[in-house]
1. Might you let me know whether region 43-51 holds any residue that is at pLDDT below 65, part of a helix (DSSP H, G or I) and surrounded by fewer than 10 Cβ atoms within 10 Å (Cβ to Cβ)?
2. Please work out which residue is nearest to Val103 (Cα to Cα), limiting yourself to region 174-228 and to residues that are among the charged types (D, E, K, R) and touching a residue at least 60 places away in the same chain (Cβ under 8 Å).
3. If Phe70 satisfies every condition in (1) more than 21 Å from the chain's Cα centre (by Cα); (2) touching a residue at least 24 places away in the same chain (Cβ under 8 Å); (3) open to solvent by 80 Å² or more (accessible area, probe 1.4 Å) but one, which is the exception?
4. Any residue that is more than 18 Å from Lys95 (Cβ to Cβ) and buried (at least 18 other Cβ atoms within 10 Å of the Cβ) - is there at least one of those in region 305-312?
5. So which residues in region 104-135 are loosely packed, with under 15 Cβ neighbours inside 10 Å, out of contact with any Lys or Arg (no Cβ under 9 Å at 6 or more places or on another chain) and farther than 23 Å from Thr220 by Cβ, if there are any at all?
6. Right, Ser180: open to solvent by 30 Å² or more (accessible area, probe 1.4 Å) and closer than 22 Å to Glu124 by Cα or not?
7. Which residue out of Gly198, Gly138 is surrounded by fewer than 16 Cβ atoms within 10 Å (Cβ to Cβ) and more than 15 Å from Glu63 (Cβ to Cβ)?
Amino acid sequence: MIDKKKLFLIVAIPISFTVLVFLVIFYYIRSEKALRQAPVIITENERKISSPPIPEKLEFCGERVPLEDFDVRERIDREFLVITYWHSATLLYLKRANRWFPVIEKILKKNGIPEDFKYMSVAESGIINSVSPDGATGFWQLMEPAAKKSGLEINKEIDERFNIEKSTQAACEYLKEAFSKFKNWTLVAAAYNMGIDGIEKQMERQKTKNYYNMFLNEETYRFVSRIVTLKEIFNNPNKYGFYFSDYDLYPVIETYDVKINYSVNDFADFAKQHGINYKILKIFNPWLRESYLKNKARKTYLIKIPKSGEITLPEE
């Protein structure tokens, strides 16, 4: 027979332990709820949102930005605030630029266009093949008439506005045409947004040839200011709070060209024949708009394929 003392201990200990656990859980829940309801107090040392520094001197393509003009300075200040505090977007721009700027720089140089215009691709599209609501397409946001005027092919199967090399060349053609009229790169940048005719009309109406003395629409004002600001931030990212290692940047992926002058019934099969899949083919050739190419005219196209070892494909 178990005596009463031992029986009491056998019963009391588990009950006491259960009650203790219950009390711990109960008070933990109450304390968590109290913490959630408590106001968040930010100390003066923690509140460090400040206006990003604007350099004493800024220039675009060797042309000085007149920061002594209060309106110019405030427009530049707006873009510094937007770009520096939209952290996720700006970091993406910096990452993408590592992959695409080398391609763009080479074509700009070949055409005699100042390298600063590479930042225009960031201002236009964030260096991504985007399509705007009004149909402007690709890195350089080319409208269909302007693209076709530069010789780009646009139809159901192909849209070369998505081809970075060809679209950059088309953008260069427009920039060269604008410079032949204005002899000023800042006006050229404005004309890319507003149109050559639009800038010419404003120059005549306002009786000035200086972009910074012109009263223009908000979109063109912001466009030029954004390019100038992007150039400064890209050249001094740490100064504006952007830190990253080389590992963070999107790498250049080497490719080789496969020349075709025939029809392709199925690009998924074509991709497998070259050791990749349809997704990779489309990523490197976004100008191919269908899964096939009729090519009745037997035109020659160059299909980009990543070199061996440049990418790794998941197993099926």
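1. No, there is no match, as no residue in region 43-51 is at pLDDT below 65, part of a helix (DSSP H, G or I) and surrounded by fewer than 10 Cβ atoms within 10 Å (Cβ to Cβ).
2. Lys176
3. (2)
4. Yes.
5. Lys106, Lys109, Lys110
6. no
7. One residue alone meets the criteria, Gly198.
One line per residue, one yes/no per condition, for (1) in a loop (DSSP other than H, G, I, E, B); (2) more than 20 Å from Arg96 (Cα to Cα); (3) open to solvent by 50 Å² or more (accessible area, probe 1.4 Å):
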position: Tyr243; (1), (2), (3): yes, no, yes
position: Val258; (1), (2), (3): no, yes, no
position: Ala268; (1), (2), (3): no, yes, no
position: Gly275; (1), (2), (3): yes, yes, yes
position: Lys279; (1), (2), (3): no, no, yes
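The values are calculated or read from the model by the stated rules, or taken from the named source; none is laboratory data. Predicted, not measured: the structure shown is a model, and the values here were computed from it. Because the Cβ atoms are built from the backbone with ideal geometry, glycine has one as well, and the counts that use them run over all protein chains shown. The accessibility values were calculated without ligands, DNA or RNA, using every heavy atom of the protein model including side chains. Shrake-Rupley method; radii C 1.70, N 1.55, O 1.52, S 1.80 Å.
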